[in-house]
Amino acid sequence: QVQLVESGGGLVQPGGSLRLSCVVSGRIFNIDWMGLYRQAPGKSRELLAGISTGGSTYYGDSMKDRCTISRDNAKNTVTLQMNSLKPEDTSVYYCSAHIKIQADSETRAYWGQGTQVTVSS
């Protein structure tokens, strides 16, 4: 079983910062791409940032000037540092990773359960 567990969500005041982390555990042969998404009620899930095994990054438009993604391949962890948070950043944040569980298996996407981020005074 592969598990992705997010942490670091919570309540923060406007202008504040949060650091979200996601740890991948279980039967893993290789983790390719890792990313952080969010989904607010009534809205579609949107990609915030992604990072490849080699460290190449991609940022979506909504937070690209306010967040930084990084990963630790040795610890199967991806981290998203978010700054200058706004009330409209309130959402459930999800981790996703493209994982191959054994050498001859296909790479597929796995998802975490999500962590709530609330930006409010």
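The values are calculated or read from the model by the stated rules, or taken from the named source; none is laboratory data. The model shown is predicted, which means the values in this text are computed figures rather than measured ones. When we count neighbours, we look across all protein chains shown, and the Cβ atoms used for this are built from the backbone with ideal geometry, even at glycine. Please note that ligands, DNA and RNA were not included when accessible areas were found on the heavy atoms of the full protein model with its side chains. Shrake-Rupley method; radii C 1.70, N 1.55, O 1.52, S 1.80 Å.
Table for the structure above
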item	result
Any chance GLN81 is among the polar types (S, T, N, Q) and loosely packed, with under 12 Cβ neighbours inside 10 Å	no
Any hit, segment 92-115, residues being surrounded by fewer than 16 Cβ atoms within 10 Å (Cβ to Cβ), modelled with pLDDT of 95 or more, in a helix (DSSP H, G or I) and among the basic types (Lys, Arg)	no
Options ALA74, ALA49: the member that is outside any loop (DSSP other than H, G, I, E, B) and free of Cβ contacts under 8 Å to residues at least 12 places away in the same chain	ALA74
Every residue from segment 48-61 that is over 14 Å from the mean Cα position of the chain (by Cα) and either among the basic types (Lys, Arg) or more than 24 Å from ASN30 (Cβ to Cβ) (or both)	ASP61
Within segment 1-22, considering residues that are in contact with a Gly (Cβ under 9 Å, 6 or more places away or on another chain) and open to solvent by 50 Å² or more (accessible area, probe 1.4 Å), the one farthest from LYS64 (Cα to Cα)	GLN1
Test set (1) part of a loop (DSSP other than H, G, I, E, B); (2) open to solvent by 70 Å² or more (accessible area, probe 1.4 Å); (3) farther than 18 Å from GLU6 by Cα - GLY55 fails condition number	(2)
Test for SER44: is it more than 14 Å from the chain's Cα centre (by Cα), closer than 18 Å to TYR94 by Cβ and not in a loop (DSSP other than H, G, I, E, B)	no
